[in-house]
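See below for the structure under consideration.
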Amino acid sequence: MLEVLKLGCIRGDRRLFSDLSFSATAGELIELRGPNGSGKTSLLRILCGLSSPAAGQVRWNGKNIRSLAEEYFRDVAYLAHQNAVKDELSALENLRIASGVAGNPLNKAQAQQVLERIGLKDRQHLPARVLSAGQRRRLALTRLLTSKATLWILDEVLTSLDDAAVRLSRDFISDHIKNGGMAIVATHQDLNLSVERMQRIQLFP
Amino acid sequence: MFGWVSWRDLILAWRHRADVLATLFFFIIVTSLFPLGIGPEPQTLQTIAPGVVWVAALLASMLSLGRIFGNDYQDGTLEQLLLTPQPAYLIVLAKVLAHWLVSEVPLVIIAPVLGLQFGLSENTLLIVVVSLLLGTPVLSLIGAIGAALTLGLRAANVLVALLVLPLYIPVLIFGTGAIQATVNGTGTKPWLLLLGAILVLAFVFAPWATSAALKISVE
């Protein structure tokens, strides 16, 4: 269970949000809305433990994530604005190395299966540098498919994806939530996910 | 996981092998300029050899520091590395190990050949290699702190030099001291032991400082 208690965030001399509290339990989706510059990415980075909040705290299963550190990272998958894809490596190498580094190594056949699911099988040996923006985003999405994390934190997950890939990512986000996961998604588009429990958090500029 | 991080950096370095070779050639050229500039007097060359080899090694290793974290920072993979369920200390250590293997070990291997230009004896060349083997990991470990602190800053390369070179001084003193002692025939052992002690200290504290700096830089 994720609890956010009286969170405040200051960037430069601007207060992005303050006294923000909410909580999420297993099987729940949180949709984060707000115009550009309202602090969505800042909030997500605080939630995944990359930045520290100006006020308040984030608790995971009752413990402050600051004190949990690596233990918390085991339960979190963060898909940032940047794809975190290495240009020099092929799609297959990117996937295998990223999952190996994250502690769930895949053998070649397993990795190819994942790439097939995401629609990159025939591009698996090309260096990521020559992939299109959408294909690179798909490659970034494979990190979610291979992770064992409960909490997914997704920043503009649907950016530059085509219709097929959008449907695919909707499917696996709702699968994840049905299987007892949680997802916090910052988005400008409607996700239209068929999940039972959903909260919407609106940030204002 | 530790192995995967090092392995990843080694593959990436292999894809950028021109950068690695550039560092090595820099080292070769700088050490070769001195005999050409100073003249073939064996006595003088032997006196300056330890200093020249070590200073060139320091400068060459400076050149590659930006690569330890720079590219990963820019494409967002550094964040993902820090979000993996392992202590940042180990991630840093794995990356430093890869950096040492890629950027420093070639210098150690080529050093005896360069030492011949200075008319060093076989015994002295051996000490050159041993002192570099003990000293260069310290350069990578300390250099990583500077690289992490200057991530994403403008003029990062100049800043790294200003931050890190003063910290390299002990390594320079004990490294050249060891070689000088062999040339003069006084005891080499204390110098090497001191270098080893610095290595142990750097091994314990540098990755810790580097991971703290990285966390600040990605915030």
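The values are calculated or read from the model by the stated rules, or taken from the named source; none is laboratory data. Just so it is clear, the structure is predicted and the values come from calculations on it, not from any experiment. Using ideal geometry, Cβ is built from the backbone for each residue, glycine included, and neighbour counts are taken over all protein chains shown. The accessibility values were calculated without ligands, DNA or RNA, using every heavy atom of the protein model including side chains. Shrake-Rupley method; radii C 1.70, N 1.55, O 1.52, S 1.80 Å.
Structural remarks
- The order of A:Phe204, B:Phe174 by accessible area, most exposed first and with a 1.4 Å probe, is A:Phe204, B:Phe174.
- Rg and Dmax of segment A:87-146, Cα atoms only, in Å: 10.1, 28
- Cα pair distances of chain A binned at 5 Å [whole percent]: 1, 7, 16, 19, 20, 16, 12, 7, 3, 0, 0
- Accessible area per residue for segment B:110-208 is 47 Å², calculated with a 1.4 Å probe on protein heavy atoms, without ligands, DNA or RNA.
- Rounded percent of accessible protein surface that carbon and sulfur make up, the protein assembly as shown, 1.4 Å probe: 60
- Alpha-carbon Rg/Rh ratio, for segment A:53-93, with Rh computed the Kirkwood way: 1.16
- On a per residue basis, segment A:87-146 carries 42 Å² of accessible surface, using protein heavy atoms and a 1.4 Å probe.
- Summing Lys and Arg as +1 and Asp and Glu as -1 over all other residues whose Cβ lies under 12 Å from the Cβ of B:Gly143 gives a net charge of +1.
- Under Karplus coefficients 6.51, -1.76 and 1.60, residue-wise ³J(HN,Hα) of segment B:141-147 in Hz, glycine/proline x: 5, 6, x, 4, 4, x, 4
- Counting only DSSP H runs of at least 4 residues, each contributing -39500 (n - 2.57), and dividing by the residue count of chain A, the helix-based mean residue ellipticity at 222 nm comes to -9500 deg cm²/dmol.
- Its residue count N sets the reference 2.2 N^0.38 Å, and the alpha-carbon radius of gyration of segment B:68-120 equals 1.67 times that reference.
- Globularity index of segment B:1-139 is 1.21 (Cα radius of gyration / 2.2 N^0.38 Å, N = number of residues).
- The residues of segment A:1-85 expose, per residue, 43 Å² of accessible area to a 1.4 Å probe.
- Here the calculated FRET efficiency for B:Glu219 and B:Glu41, from their Cβ-Cβ distance with R0 = 60 Å, stands at 0.60, rounded to the nearest 0.05.
- Pairs from A:Lys108/A:Lys178; A:Lys63/A:Lys178; A:Lys63/A:Lys148; A:Lys86/B:Lys95 whose Cα-Cα separation, in the structure shown, is over 18 Å: A:Lys108/A:Lys178; A:Lys63/A:Lys178; A:Lys63/A:Lys148
- Kirkwood Rh, Cα atoms: Rg over Rh of the protein assembly as shown: 1.07
- Using alpha-carbon coordinates, inclination of helix B:105-116 to the longest axis of chain B, degrees: 10
- Chains B and A together bury roughly 2500 Å² of accessible surface, counting both sides and using a 1.4 Å probe on protein heavy atoms.
- Once the C-beta distance of B:Leu21 and A:Arg66 is scaled by a Förster radius of 35 Å, the resulting FRET efficiency is 0.20 to the nearest 0.05.
- In terms of overall dimensions, segment A:24-127 has a Cα radius of gyration and Dmax of 16.9, 48 angstrom.
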